[in-house]
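These notes concern the structure reproduced below.
Every number here is computed from the coordinates shown, using simple stated rules; none is lab data. As the structure is a computational prediction, the values presented were derived from the model and not from experiment. A quick note on method: Cβ atoms are made from the backbone with ideal geometry, for glycine too, and the neighbour counts reach across all protein chains shown.
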Amino acid sequence: MTAEELESVLVKEIGALDMVANPYPERPDSYVPNAFPGEILVRYQGAEITDRDVSGVQAERMQRVEIVAVGQVLRGEDGIYNRLERIRKHLDGYTLPGAGGHLELVKEEFMDEYNGTWQFGQSWRLKSIVINEQQDNYHDRPLGT
């Protein structure tokens, strides 16, 4: 799953929970949330290869995504705490369509507050297997010869 596909499918999943969800803004320093009581923003953070087989053809890829709740209300039905909990319940352990692995919540934390607008973030990871095309002239020979 590409970075853009992962971001898009998460925005759609969160939107299905009746929350305003958008990709992280291109210019976050000038961003102001438009929706009351707030918005959910999704940002792709990167990926790393954590394990590779002997041939180099199959690898385990760990992608990281951040989900940020932005708003003026912390508690209650429309509060940030409630929205973060609903997202956690929906996504933790969930396999996104086309992802090849399930989502895992890594951490949740306070990020920032400015003039009564709060930001709390959730860090997620998605583990999947990547199959690469063999690139050398030895693909038809057994290992160790």
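Which value, in debye to the nearest 20, gives the size of the charge dipole of region 7-74 about its Cα centre, when Lys and Arg are +1 and Asp and Glu are -1 at the Cβ? Show your work: numbers first, answer last.
Values: 6 positive and 11 negative charges, 16 e Å.
Dipole size: approximately 80 debye.
Quick one: work out the % antiparallel among DSSP beta bridges in the chain, nearest 5. The partial results should precede the final answer.
Values: 38 of 41 bridges.
Once the DSSP bridges in the chain are tallied, antiparallel ones form about 95 percent.
Using alpha carbons only, how many degrees (0 to 90, rounded to 10) separate the axis of helix 3-15 from the longest principal axis of the chain?
Helix 3-15 and the main axis of the chain meet at about 40 degrees.
Taking the highest mean first, how do the peptides 74-87, 110-123 order by number of other beta carbon atoms within 10 angstrom per residue? Let's see the in-between values first.
Values: 74-87: 15.9, 110-123: 13.4.
Those peptides, ordered most packed to least, come out 74-87, 110-123.
Where does helix 80-91 land angle-wise versus the long Cα axis of the chain, in degrees 0 to 90, nearest 10?
The answer is roughly 30 degrees.
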